[in-house]
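Have a look at the structure below, then the notes.
The values are calculated or read from the model by the stated rules, or taken from the named source; none is laboratory data. On a predicted model such as this, the values are computed, not experimentally measured, just so you know. Neighbour counts are summed over all protein chains in view; Cβ atoms, including those assigned to glycine, are modelled from backbone coordinates with ideal geometry.
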């Protein structure tokens, strides 16, 4: 009987020989040319409440996809993304957006889904991702049950995939039409079908389609209507309510357990638009008014406002909170204010808001609104003001701050000229850097390191592939198999991380540390401009923080990269 130690040596020798034979016989087939950083994506339209035994459940989708990726030699699991309770008729889903961020950040280059319907049911958008966006970004797409792999199905299977997308789209539209018909029937009967009752009301305990006054919120609604009938502005009413610490509708729902997520920032306080929505709603005089917005997949309509004459109104369906007389007086006040606003708007036409969405409050981080002011002489001036401070005065920690649009444009343009000058100097530095012998040697060394590392990865993959066969024919014990597999998996992870780091560095040398750098080119385009344009602002500016009266801090999209480039160039 051989000693156990000798047996292990003999077994290991057999494994090595078997792996070597496989490597020689299979050659390039046994070791993939590329290992994809793979994300699995699962989705359900109706929220999954841990239906572990259901084949369509999130848990089962995820389990199946993870097992699939684990079995693929050319895939490495990099992330799991699950949209639970999200529709497939559009791509506005939290986890899908997070997945796309990973793709844009070059952390993911392969997506695996259960089937095409889990990815999306909109024929046009799904086709656009599969045929345009993913190929452009170099992303591989796999639908397991549909037997589709974008790197293997070049042309032959694309007609089938297009037909499946079309079927999924038609199925979703058919369901949408049936649901819309059923809901419209309930609306015409005067039944409430919303998820949350209007502020001031509760769903009846006996019948969830019937409304009853909320003893806590109904008195607030009466005050709002009375103030508005007396001519008080909507923003002033919001200030009154915030100063009295009365919870806004979203906060009221949260405090009473009807909403799970606590509102934050501007969403946690009363705002003028909330007052405007309440004071024009017929529900407060006892009439069920629904269908005020419309969204129909079957008709291809996004969510849109519906004209008042097309609302579905059923009279006297529940107890009124205010009288018809007060409601009519409020509508008259609102109409008068609206007419005044329209007359001013026609007299002083609006100009393009170049910095729309880019100016933020230095205290609360809320995007600042652009307000139009007209002097007695008829001069129009635009100013950016924090909406939270303007409508609340106190309570959110905001101090008074604003910036005039002319001053903002001048400051940004001046700062941009300085950045253009810095970009030109950096361009010159990068040109000199690329001529250095050290730069070329570093490039060649990186290329060789990547080549050798890919050989190691291929060899490790081959050995790992041979393990299970050795275990099956009893060459290895279970304990030896597990130990060796763990070691090969550890090496695979280590090699992959090292490869990603080397490829990033190679990308730096070939494209980033170059006079053709994207940001240098973008800044040079602005040399001939005489003022800041919307296109320039969106491309170059991350945000502009307003910290006081005409005091700003500009955060550029490219600043960190320029610092990194300069450090690398100087270090070569």
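Among the residues that make up the range 260-267, is at least one of them touching a strand residue (DSSP E or B) at 6+ places or on another chain (Cβ under 8 Å) and touching a residue at least 60 places away in the same chain (Cβ under 8 Å)?
Start the filter on the range 260-267 by keeping residues that are touching a strand residue (DSSP E or B) at 6+ places or on another chain (Cβ under 8 Å), which leaves none.
Within the range 260-267, none of the residues are touching a strand residue (DSSP E or B) at 6+ places or on another chain (Cβ under 8 Å) and touching a residue at least 60 places away in the same chain (Cβ under 8 Å).
Do you know which residues across the range 527-572 are part of a loop (DSSP other than H, G, I, E, B) and either at pLDDT 90 or above or more than 30 Å from residue 440 (Cβ to Cβ) (or both)?
Those that are part of a loop (DSSP other than H, G, I, E, B) and either at pLDDT 90 or above or more than 30 Å from residue 440 (Cβ to Cβ) (or both): 529, 530, 531, 532, 533, 550, 557.
Would you call residue 257 assigned by TED's automatic domain parsing to the domain that holds residue 336, over 19 Å from residue 333 (Cβ atoms) and in a helix (DSSP H, G or I)?
Details: assigned by TED's automatic domain parsing to the domain that holds residue 336: yes; over 19 Å from residue 333 (Cβ atoms): yes; in a helix (DSSP H, G or I): no.
No: the conditions fail for residue 257.
Give 178, 154, 132, 186 a once-over and let me know the one that is at pLDDT below 85, assigned by TED's automatic domain parsing to the domain that holds residue 113 and in a helix (DSSP H, G or I).
Matching residue, one of 178, 154, 132, 186: 132.
Say we look at the range 250-266 and pick out the residues that are surrounded by fewer than 13 Cβ atoms within 10 Å (Cβ to Cβ) and closer than 22 Å to residue 202 by Cβ; which of these is nearest to the chain's Cα centre (by Cα)?
261
What residue, of 425, 401, 454, 372, is closer than 28 Å to residue 537 by Cα and surrounded by 15 or more Cβ atoms within 10 Å (Cβ to Cβ)?
Details: 425 fails: surrounded by 15 or more Cβ atoms within 10 Å (Cβ to Cβ); 454 fails: closer than 28 Å to residue 537 by Cα; 372 fails: surrounded by 15 or more Cβ atoms within 10 Å (Cβ to Cβ).
One residue alone meets the criteria, 401.
Which members of the range 192-207 meet the condition of being free of Cβ contacts under 8 Å to residues at least 12 places away in the same chain and surrounded by fewer than 14 Cβ atoms within 10 Å (Cβ to Cβ)?
As a first pass, look at the range 192-207 and keep what is free of Cβ contacts under 8 Å to residues at least 12 places away in the same chain: 195, 203-207.
Within the range 192-207, 195, 205, 206, 207 qualify.
Name, by its number, the condition in (1) at pLDDT 85 or above; (2) under 27 Å from residue 219 (Cα atoms); (3) in contact with a helix residue (DSSP H, G or I) (Cβ under 8 Å, 6 or more places away or on another chain) that does not hold for residue 286.
Condition (3) is where residue 286 drops out.
With (1) loosely packed, with under 15 Cβ neighbours inside 10 Å; (2) over 16 Å from the mean Cα position of the chain (by Cα); (3) more than 15 Å from residue 43 (Cβ to Cβ) as the list, and residue 145 as the residue in question, which single condition is left unmet?
All conditions pass for residue 145, except number (3).
Would you pick out the residues in the range 417-451 that are touching a helix residue (DSSP H, G or I) at 6+ places or on another chain (Cβ under 6 Å) and over 23 Å from residue 556 (Cα atoms)?
433, 439, 443, 446, 449, 450
Looking at the range 552-569, which of its residues are surrounded by fewer than 14 Cβ atoms within 10 Å (Cβ to Cβ) and touching a residue at least 40 places away in the same chain (Cβ under 8 Å)?
Answer for the range 552-569, where residues must be surrounded by fewer than 14 Cβ atoms within 10 Å (Cβ to Cβ) and touching a residue at least 40 places away in the same chain (Cβ under 8 Å): just 553.
Report, by residue number, each residue of the range 197-223 that is within 15 Å of residue 320 (Cβ to Cβ) and part of a helix (DSSP H, G or I).
218, 219, 221, 222 - these are the residues of the range 197-223 that are within 15 Å of residue 320 (Cβ to Cβ) and part of a helix (DSSP H, G or I).
For the condition at pLDDT 80 or above, over 40 Å from the mean Cα position of the chain (by Cα), in a helix (DSSP H, G or I) and not assigned by TED's automatic domain parsing to the domain that holds residue 71, what is the one hit in 480, 503?
Numbers: 503 fails: over 40 Å from the mean Cα position of the chain (by Cα).
Exactly one residue qualifies, and that residue is 480.
Going by the conditions given, is residue 496 modelled with pLDDT of 85 or more and surrounded by 14 or more Cβ atoms within 10 Å (Cβ to Cβ)?
Yes.
Pick from the range 465-477 the residues that are touching a residue at least 60 places away in the same chain (Cβ under 8 Å) and assigned to a helix (DSSP H, G or I): which of them is farthest from residue 37 (Cα to Cα)?
Among those residues, the one meeting the criterion is 470.
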